[in-house]
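One structure is given here, and the rest of the page talks about it.
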Amino acid sequence: MNTEKKTILVTGGMGYIGSHTTVALIEQGFDVVIVDNLSNSSSFILERIQQISGVLPKFYQVDCCDKAALEKVFIQENSIVASIHFAALKAVGESVEKPMLYYKNNLVSLMNIIELQLQYEIPKLVFSSSCTVYGEPDFLPVTEKSEIKPATSPYGNTKQIGEEIILDISRNSPLQAIALRYFNPVGAHASALIGELPNGTPNNLVPYITQTAIGKQPYLRVFGNDYNTPDGTCIRDYIHVVDVAAAHVAALNRLLIIPERPQFEFFNIGTGNGNTVLEVIHAFENATGVKLPYQIYPRRDGDIEKVYANTDLSNNVLGWKSNLNIEQMMASAWAWEQKLSTIK
Ligand code: NAD
Ligand code: WQD
């Protein structure tokens with residue numbers, strides 16, 4: 001029997017979703033090699049991964065846009081069987097201000113990875129995509145067949161173009177890929193040793209909630225309460241990051257084990273449930289017992305009114321399903337914020 005462990009290259013593995021996925025992969029018996037330039041993460045995450053999993057993954061501080069440096073990883077790590085490409089910049093507002101930075105970072109890194117994977121004959125790739133490709137959907141819940149709407153930010157466009165690059169290359173080469181379109185990943189690992197590390201003032205709802213609860217922000221601004229939703233606030237499909245991590249293990253196993261597959265597939269990674277902003281606030285209060293001060297503000301430019309996933313395809317084809325509910329998401333995000341305040 002071949003007992004050798006399979007090695008997975010995880011770009012962006014020091015980041016929020018990448019670190020949780022690294023833990024999940026190690027727990028499922030994979031070896032992990034992380035490539036990350038630490039542009040949006042910290043080196044202490046590596047020891048945290050070891051604390052949780054008992055394994056210190058190999059780490060290369062390399063920019064995926066530096067093809068020569070990235071190639072060295074492929075040369076040195078000759079047992080890699082597939083990659084998960086998380087490495088990307090993800091701040092929507094910043095992408096509007098610095099489109100060149102986003103197009104270069106997100107697309108050059110993707111093309112370098114694909115090119116090296118093909119060159120080294122390791123053609124299996126899992127790609128981080130986003131529900132942002134659906135824009136403001138015409139029908140809910142969105143399925144993988146829903147229309148892809150024109151991107152409203154350079155960041156969103158890098159995800160759409162990224163999927164197109166993969167599609168075109170997979171039609172003409174041995175590339176086999178799965179794109180996971182995450183909805184709104186939130187929460188943290190149950191150990192509270194890893195979680196989201198927002199850079200400066202958070203833009204996203206849940207880190208803003210936890211920073212408000214701990215006193216780093218005076219109150220939460222709720223952006224708009226006049227939307228066409230039950231309480232007037234926007235609806236999203238929040239999904240626990242631990243569930244998102246598990247989806248990557250499922251996608252990888254599909255690539256590695258199932259021979260008859262389309263060369264490029266994409267799956268929605270959400271719970272299938274939509275929650276309003278006010279529901280999220282109340283879930284946080286229920287889960288933690290902490291009262292959250294908030295004020296209603298005008299709508300935020302560019303916000304989608306409501307979006308949530310149809311998860312039939314990921315449930316039935318990928319064999320993956322979310323397990324954790326909104327209270328568990330809030331409780332874990334809060335535990336992480338509290339732990340973070342003791343080390344920062
Ligand atoms: P993150 O910023 O926490 O992690 C990304 C990691 O990639 C960071 O550690 C960063 O240092 C690294 N990185 C960035 N550019 C790099 C480069 N050129 N070379 C090497 N490393 C680089 O973000 P995340 O939330 O973990 O997101 C992971 C992926 O999922 C991204 O592709 C993101 O666009 C996508 N995504 C995230 C969300 C979300 O809400 N968090 C939703 C949908 C899709
Ligand atoms: C959620 C809801 C806000 C902050 C972003 C990216 C998207 C994808 C997921 C990567 C909205 C409201 C927020 C606050 C608030 N990422 N809100 N007060 O906008 O769904 O999506 O992350 O691919 O591309 O755009 O997430 O967490 O910013 O907002 O009321 O201080 O919370 O208006 O309704 P969003 P979010």
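The values are calculated or read from the model by the stated rules, or taken from the named source; none is laboratory data. This structure is a prediction, so every number in the text was calculated from the model and none was measured. Quick reminder, even Gly has a Cβ in these numbers, built from the backbone with ideal geometry, and neighbours come from all protein chains shown. These area figures cover heavy atoms from the full protein model, side chains too; ligands, DNA and RNA do not enter into them. Shrake-Rupley method; radii C 1.70, N 1.55, O 1.52, S 1.80 Å.
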Mind checking which pairs have a first residue in region 330-342 that is in contact (Cβ under 8 Å) with a residue 40 or more places away in the chain and a second that is buried (at least 20 other Cβ atoms within 10 Å of the Cβ) and assigned to a helix (DSSP H, G or I), Cβ under 6 Å, 6 or more apart or different chains?
Met330/Ala283; Met330/Phe284; Ala333/Val206; Ala333/Thr210; Trp334/Thr210; Trp334/Thr288; Glu337/Thr210
With the requirement that a residue be open to solvent by 40 Å² or more (accessible area, probe 1.4 Å) and assigned to a helix (DSSP H, G or I), what does region 1-46 give you?
Glu27, Phe44
Residues located in region 164-177, provided they are out of contact with any Phe, Trp or Tyr (no Cβ under 7 Å at 6 or more places or on another chain) and either of a type outside the set (Gly, Ala, Ser) or in a helix (DSSP H, G or I) (or both)
Glu164, Ile165, Asp168, Ile169, Arg171, Asn172, Pro174, Leu175, Gln176
Scanning region 219-234 residue by residue, those within 12 Å of ligand 2 (Cβ to nearest atom) and either polar (S, T, N, Q) or under 19 Å from Ala333 (Cα atoms) (or both) turn out to be Tyr219, Leu220, Arg221, Val222, Asn225, Thr229, Thr233
Search region 148-201 for residues being among the polar types (S, T, N, Q) and within 12 Å of ligand 2 (Cβ to nearest atom), and hand back the single one that is most open to solvent (accessible area, probe 1.4 Å).
Thr152
Phe223 - would you say it is surrounded by fewer than 22 Cβ atoms within 10 Å (Cβ to Cβ), of a type in the set (A, V, I, L, M, F, W, C) and within 16 Å of ligand 1 (Cβ to nearest atom)?
no
Residues located in region 74-92, provided they are open to solvent by less than 60 Å² (accessible area, probe 1.4 Å) and either under 23 Å from the mean Cα position of the chain (by Cα) or near ligand 1 (Cβ under 9 Å from one of its atoms) (or both)
Ile80, Val81, Ala82, Ser83, Ile84, His85, Phe86, Ala87, Ala88, Leu89, Ala91
Restricting to region 202-218, give me the number of residues that are within 11 Å of ligand 2 (Cβ to nearest atom) and either open to solvent by 60 Å² or more (accessible area, probe 1.4 Å) or at positive phi (or both).
2
Out of region 279-316, which residues are among the β-branched types (Val, Ile, Thr), more than 16 Å from ligand 1 (Cβ to nearest atom) and open to solvent by less than 60 Å² (accessible area, probe 1.4 Å)?
Ile281, Thr288, Val290
Does Leu125 count as surrounded by 23 or more Cβ atoms within 10 Å (Cβ to Cβ) and more than 12 Å from ligand 1 (Cβ to nearest atom)?
yes
